[in-house]
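In what follows, a single structure is set out as structure tokens and then discussed.
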Amino acid sequence: MNWRGTAVLALLLAIGVAAGFGVSWALGENPSGGGTAAPVPASPSLPIDPVPELLPDPGTPPLAEGIPLMPQSVGAGDFRMTLPVPKGWTFSENSLNEWQWRPPAQPDFGYVLRVEQVLSNRRSIGWTLDRRLDELREDESNVQVLGQTEDSLHFSFVTSNHLRHGYLRWLDLTGSDNAQVEIAVTGREVDDPGMADLISRVGSGIRLG
């Protein structure tokens, strides 16, 4: 082989080594002796959502267990339903299929009851719960699951530097095996016993018609 052939061969070998290193780097691997790729040692994971400095909750009394309820009808057509809601709370309609109740003149970051029809999703309660949990983790900070059953979720999260607690429950009112109603109660940690009591009583009292 003459000197030109030797130079070309050396250049091709150099390009091959460089290309191999570039592919290894892109795949997260390091080249090691003998040409065998070895995985990069994992570095310690960092907290995704560092806990911010929390602001104090409003000083209103905690939501009590066993508060008086009264029946109210919402919805329309074949899926009009009647449910027990806190007596004296202010009612608002968020949309054609979502309704909300809260104490009158309550400051921000108190407690609130929300009910939504979700039957259009045509999904099982288990699927709906899993998807809702994914959405919470995408949309909220510092989400922690505090309790979970086949049809309910108890969790905490941080929003606007306030620690919030939430309860979610899904119902199938027609035996379709799909989630049709979502009930949510959100408040402070101090409201936990009252929220658990309220969502249980509301869920047990919902009827079609």
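The values are calculated or read from the model by the stated rules, or taken from the named source; none is laboratory data. Here the structure is a predicted model, which is why all the values come from computation and not from measurement. Here the Cβ positions follow ideal geometry from the backbone for every residue, glycine too, while neighbour counts run over all protein chains shown.
The set of residues in segment 192-209 that are in contact (Cβ under 8 Å) with a residue 12 or more places away in the chain, under 17 Å from R80 (Cα atoms) and surrounded by fewer than 19 Cβ atoms within 10 Å (Cβ to Cβ) comprises G205, I206, R207, L208, G209. Yes or no: E189 surrounded by fewer than 16 Cβ atoms within 10 Å (Cβ to Cβ), under 30 Å from P50 (Cβ atoms), touching a Ser or Thr at 6+ places or on another chain (Cβ under 9 Å) and not β-branched (V, I, T)? For E189, the condition - surrounded by fewer than 16 Cβ atoms within 10 Å (Cβ to Cβ), under 30 Å from P50 (Cβ atoms), touching a Ser or Thr at 6+ places or on another chain (Cβ under 9 Å) and not β-branched (V, I, T) - is met. Of the residues making up segment 146-183, those that are surrounded by 15 or more Cβ atoms within 10 Å (Cβ to Cβ) and among the small types (G, A, S) are S152, S156, G166, A179. For the criterion of being modelled with pLDDT of 55 or more and surrounded by fewer than 11 Cβ atoms within 10 Å (Cβ to Cβ), P41 fails. Among the residues of segment 116-143, just one is touching a residue at least 24 places away in the same chain (Cβ under 8 Å), hydroxyl-bearing (S, T, Y) and part of a helix (DSSP H, G or I), namely T128.
Total residues in segment 177-209 satisfying the condition of being in contact with a Leu (Cβ under 8 Å, 6 or more places away or on another chain) and small (G, A, S): the figure is 6.
Considering only residues of segment 169-209 that are of a type in the set (K, R) and within 20 Å of the chain's Cα centre (by Cα), which is farthest from R122 (Cα to Cα)? Step by step, filter segment 169-209, then rank; the result is R188.
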